[in-house]
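Notes follow once the structure below has been shown.
The values are calculated or read from the model by the stated rules, or taken from the named source; none is laboratory data. What you see is a predicted model, and the numbers here were worked out from it, not measured in a lab. Don't worry about glycine lacking a Cβ; one is built from the backbone with ideal geometry, like all the others, and counts go over all protein chains shown.
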Amino acid sequence: MFDLTDKVLKIASKDADYAEVRAEHISSSNLVMKNGSVESAEFSIGSGLAIRVVVDGSLGVAFVNSNDMKEIENAVNSAVSLAGKASHGMKTKANFAPEKPNRAKYEVRQKKKVEDMSLDEKIALLKELEKSVVSQKINVPMRFFSLNDELRHKLIVNSEGSKIESVIPKVNLFYMLTAEKNGDTEQRMNQFGSSAGYEMWDSWKIREMVPEEAKMLTTILAKAVAPPKEKIDLVLSPELMGIASHESCGHPYEADRIWGREGAQAGESFMEKDSIGKRIGSAAVTLVDDPTIENSYGFYLYDDDCVKARRRVLIKNGIVNEFLHNRWTGAIWKVPSNGAARAGTWNREPIIRMANTFVLPGDHKVDELFQGVKKGVYIKSYMEWNIDDKRFNQKYTGLEAYLIENGQLKGLVRRPKLEITTPAFWSAVDACAKDLKFSTGNCGKNDPMDGAPVWFGGPHARLRGIRLG
Amino acid sequence: MLDLTEQIVKKALSLGASDAVAEITKDKTHQIRFANSDITVMQNWHQVSAEIFIALQKKVVSTSISDLSKDSIENTLKNLVSAAKVSEPSSTYKGLAEGPFKYKSVEESYDRRIADLGDKAIDFVYSAINAANAKRVAGVLYSSSWERFLSTSAGINASEKGTDIEMSTRAFNEKDESGHGVACSRLLNRFNPESAGEKAGEIAKLARKPIAADAGKYDVIFDPLSFADLLNCAGRAASAFDVDAGFSCLAGMLGKKVANFRLSLYDESNASNGFGSVAFDDEGVPTQKTAIIKDGVLKNYLHNTSTAAKYSTRTTGNAGLVAPYPRNIVMDAGGYSKDELFDEVRNGIYITNVWYTRFQNYRDGSFSTIPRDGIFLIQSGQIIKSLKGIRVSDNLLRILQEIAAISRERDWIHWWEVEIPTLAPYALVKDVNITKSTM
């Protein structure tokens, strides 16, 4: 389909103010192992064209996965025609924010290529993880592993002269373990992902982590006690700081949410257009979204509007600094895009998506955070989490969590619940450690739903004066 | 296309596969998204794809491709057989359902006028926006027509076509004053986009000046929109695959009481005008109505041929070749009018919508979900205040146990948050745990 892009762009440009053609070819695989049995091995090859046009301030998109030029032409003409008709009743018309033409070609180099990994090699990886759990003679009766990889080749051309071509591999592991004791259960869900080949497997340290987590579940069932009810200090791991960064900072700073474009689906935002410059957290908090981190799961160098990617500083020393924009919100607010447009796959519209969202490390040693706590709780991992659709009230329920007394880690506490508003969360952070670690996720937004690969993370951080639910 | 699926199956067998399934789907989908009472984007999908599944000595592999040329298919099949040879036998794969079967077309499932809707869809959008009569309205309209063709090595050659249309509308007035309404149908004359707008607008108007609520135990009336979200969780938990993988609080409960006697819950994959209805599942087995929970007792998990064999029962026509799944979740109506249901509540909360339902533990059912849009305090059967900032933090099995009254009125629900079409009533649930931010 890549050889059709120029021809299709010419057709789409004829009656449109802006036209763009995105061609993608994705070869992917998915391997599922449940309780030791290979349940499914799937290999997919998908390709398609996404054609976007702007006609009199109205946006139309056609998605086609046929090579038949007649069918493609019909789809394009239909998109142009319907966008034109829709423009008649529109009050807010938007072209795309101005952008100089960009031309680039880039590829993520792999050491152990996803396309060269055989099925039996992948099965061996999962069997090793399965064995690491069952060989411990602990009661973990349900074990679910899902291993995915893909190689995505993408070419975008637009009527302004931009041409961006990329080749990006990805590897992703998801697992869930269920431990049981006398009818009581605990579960751990976790995910690892990188834009790289299988060389990243070792760096995830998954061989050590899976059996440790399985054992930890059984220890929680045996030993964890209720968390304290009074006001305490809280130390959160990078895993917790990561999910909070993504949910209560990244999402509400998406300009399309703030404008209302996702109102009937993923929701809006408690942020307002004029929130820039206002305090949202303590001076210890600087929070960024950065697509350019090498091998990160949310990696890209140019977004799907053909805008060069850069680090976005969302919160600077506790002050709201910048929102995430694509060229559509940029046009409406008359600001430049900062390169946040992304489509998860060929048949989705590029809209504003986070990439890798994280709190920048501070200057404390991790030990120092604990030493400053007289009575507190350390939450290392979580299972249940959610946040309202304006991103104001959030909840994280701890899985592996410990009591802290006089700076020392004591016994396990069970399911501590942090239910807190966004300003209260970020204002309570009094110190961040020097470490930095990322978690992997597939962020849900857009309609139809489009899971975007992301990282989220941060350092260990300490929050003062917290009441757990 | 049925010729092509047949050829794919024959070719797979000739290359050494012991079982083979080929399914081709073609769809044309149109979407209009709108926000702030304006159209924001119009999107069209023209897609065709083939799913191919083979088993070779119980080694199971599958693929999805969009290039249906002869060379592409032959290469794909060769690669698939090669992959199967180095794979491991599945201990759970038990073969395909033996056909042929006689199929009954799903009633009220195809309407040419939906396939030919064109720019009339724009009128539907503005009729919903106008019906909401709100300061701002957001939403989406989808219309779709599709065909599917299925052949298997167990004697299946079947095809069907369908159409569907749906509207999801959210109305906004002042800060934190919003409401949501949905409408979906397989036929144009059963589709009422204004009703989605009207409901969204009415709730938004009623949600005027919401105040913070107190945490605690409340009797809660769930609107069909919010209860459908919880019923989706229950329906998914009925998949035998999810049961075995640890994603279900219904594991080990067959034949046991898992809910109040008032609850009867089904998968009705062949429901007339059912938004997810199909005539046959992914193995070619005719779809049916299956009781998941009957009078509070867990009667069946949902099965394909392989999971059914493990549980010594028959397939329920819910394949997924790997994981069975529900296509339409249907809850039996109760005996109450909506007003009578409200009259049952002395001090409670009416929750019109929820989102972001997440489990701390799928196995034991502990979860939370967040009400969005109108939330109302009810006293002595009357709505007296609009509320905000609460969360349902409870257990799915406990909620099903505490169902105290069910309405006669039921609505089909399908939208961004409720992925499995669900026919849900208003439901009164006792002593629901309501939490909120502590700071």
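Points to keep in mind about this one:
- Taking the criterion of being polar (S, T, N, Q) and either closer than 24 Å to B:G296 by Cα or facing another protein chain (nearest Cβ under 8 Å) (or both), the residues of region B:367-398 that qualify are B:S368, B:T369, B:S393, B:N395.
- Applying the set (1) assigned to a loop (DSSP other than H, G, I, E, B); (2) more than 30 Å from A:E208 (Cβ to Cβ); (3) over 30 Å from the mean Cα position of the chain (by Cα) to A:K137 leaves exactly one unmet item: (2).
- Of the strands (runs of 3 or more DSSP E) entirely within region A:10-66, those holding at least 3 residues that are free of Cβ contacts under 8 Å to residues at least 60 places away in the same chain, more than 15 Å from B:S64 (Cβ to Cβ) and more than 7 Å from chain B (Cβ to nearest Cβ) occupy A:37-55.
- When B:I122 is tested against (1) in a strand (DSSP E or B); (2) surrounded by 18 or more Cβ atoms within 10 Å (Cβ to Cβ), just one condition goes unmet, and that condition is (1).
- Within region B:75-85, tally of residues that are free of Cβ contacts under 8 Å to residues at least 12 places away in the same chain and either part of a loop (DSSP other than H, G, I, E, B) or over 18 Å from A:D149 (Cβ atoms) (or both): 1
- Those residues of region A:304-328 which are in a loop (DSSP other than H, G, I, E, B), among the basic types (K, R) and in contact with a strand residue (DSSP E or B) (Cβ under 9 Å, 6 or more places away or on another chain), in sequence order: A:R311
- Residue selection: B:V243 satisfies the criterion of being part of a helix (DSSP H, G or I), surrounded by 23 or more Cβ atoms within 10 Å (Cβ to Cβ) and of a type outside the set (S, T, N, Q).
- Residue count for region B:1-27, restricted to those that are part of a strand (DSSP E or B) and buried (at least 18 other Cβ atoms within 10 Å of the Cβ): 6.
- Scanning region A:164-175 for any residue that is among the basic types (K, R) and in contact with a Pro (Cβ under 9 Å, 6 or more places away or on another chain) turns up at least one such residue.
- Qualifying residue in region B:328-342 (condition: more than 14 Å from chain A (Cβ to nearest Cβ), among the β-branched types (V, I, T) and surrounded by 22 or more Cβ atoms within 10 Å (Cβ to Cβ)): yes
- Every residue from region B:86-96 that is more than 9 Å from every other protein chain (Cβ to nearest Cβ) and either free of Cβ contacts under 8 Å to residues at least 12 places away in the same chain or in contact with a strand residue (DSSP E or B) (Cβ under 9 Å, 6 or more places away or on another chain) (or both): B:G95, B:L96
- Residues (away from every other protein chain (no Cβ under 14 Å) and either in a loop (DSSP other than H, G, I, E, B) or not hydroxyl-bearing (S, T, Y) (or both)) located in region A:366-396: A:V366, A:D367, A:E368, A:L369, A:F370, A:Q371, A:G372, A:V373, A:K374, A:K375, A:G376, A:K380
- The single residue among B:S248, B:S178, B:S185, B:S226 that is under 23 Å from the mean Cα position of the chain (by Cα) and more than 17 Å from B:F359 (Cα to Cα) turns out to be B:S185.
- Sole exception among (1) surrounded by 19 or more Cβ atoms within 10 Å (Cβ to Cβ); (2) free of Cβ contacts under 8 Å to residues at least 60 places away in the same chain; (3) within 14 Å of chain B (Cβ to nearest Cβ) for A:R415, by number: (2)
- Some residue of region B:97-112 being in contact with a strand residue (DSSP E or B) (Cβ under 9 Å, 6 or more places away or on another chain), part of a helix (DSSP H, G or I) and either in the same structural domain as B:Y142 (by TED's automatic domain parsing) or surrounded by fewer than 16 Cβ atoms within 10 Å (Cβ to Cβ) (or both): yes
- Filter result for A:K215 (within 14 Å of chain B (Cβ to nearest Cβ), surrounded by fewer than 19 Cβ atoms within 10 Å (Cβ to Cβ) and modelled with pLDDT of 95 or more): no
- Within region A:347-365, considering residues that are not hydroxyl-bearing (S, T, Y) and not in a loop (DSSP other than H, G, I, E, B), the one nearest to the other protein chains (Cβ to nearest Cβ): A:I351
- For B:R186, the criteria (1) more than 14 Å from every other protein chain (Cβ to nearest Cβ); (2) surrounded by fewer than 22 Cβ atoms within 10 Å (Cβ to Cβ) hold in every case but one, which is (2).
- The single condition among (1) without any contact (Cβ under 8 Å) to a residue 40 or more places away in the chain; (2) in a loop (DSSP other than H, G, I, E, B) that B:R398 does not meet is (2).
- No other residue among A:K7, A:K112 is more than 8 Å from chain B (Cβ to nearest Cβ), under 30 Å from B:A83 (Cβ atoms), touching a residue at least 60 places away in the same chain (Cβ under 8 Å) and not in a strand (DSSP E or B) apart from A:K112.
- Residue count, region B:113-149 (criterion: within 22 Å of the chain's Cα centre (by Cα), among the β-branched types (V, I, T) and within 9 Å of chain A (Cβ to nearest Cβ)): 1
- Selection within region B:350-366: residues that are within 19 Å of the chain's Cα centre (by Cα), in a strand (DSSP E or B) and at the interface with chain A (Cβ under 7 Å from one of its Cβ atoms). The member of this set that is surrounded by the fewest Cβ atoms within 10 Å (Cβ to Cβ) is B:R358.
- Residue match in region B:142-161 (condition: touching a residue at least 60 places away in the same chain (Cβ under 8 Å), surrounded by 21 or more Cβ atoms within 10 Å (Cβ to Cβ), on the phi < 0 side of the Ramachandran plot and acidic (D, E)): no
For every residue, the table says whether it meets (1) hydroxyl-bearing (S, T, Y); (2) in contact with a helix residue (DSSP H, G or I) (Cβ under 8 Å, 6 or more places away or on another chain); (3) over 30 Å from B:A55 (Cα atoms); (4) part of a strand (DSSP E or B).
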{"position": "B:L150", "(1), (2), (3), (4)": "no, yes, no, yes"}
{"position": "B:A154", "(1), (2), (3), (4)": "no, no, no, no"}
{"position": "B:G179", "(1), (2), (3), (4)": "no, yes, yes, yes"}
{"position": "B:A183", "(1), (2), (3), (4)": "no, yes, yes, yes"}
{"position": "B:A196", "(1), (2), (3), (4)": "no, yes, yes, no"}
{"position": "B:D214", "(1), (2), (3), (4)": "no, no, yes, no"}
{"position": "B:K217", "(1), (2), (3), (4)": "no, no, yes, yes"}
{"position": "B:L225", "(1), (2), (3), (4)": "no, no, yes, no"}
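- Which numbered condition A:C249 fails, given (1) within 25 Å of the chain's Cα centre (by Cα); (2) under 30 Å from A:K34 (Cβ atoms): (2)
- Set B:S72, B:S66, B:S37: member being without any contact (Cβ under 8 Å) to a residue 40 or more places away in the chain, among the hydroxyl-bearing types (S, T, Y) and more than 7 Å from chain A (Cβ to nearest Cβ): B:S72
- Members of region B:150-174 that are of a type in the set (G, A, S) and either within 14 Å of chain A (Cβ to nearest Cβ) or within 20 Å of B:E417 (Cβ to Cβ) (or both): B:S168, B:A171
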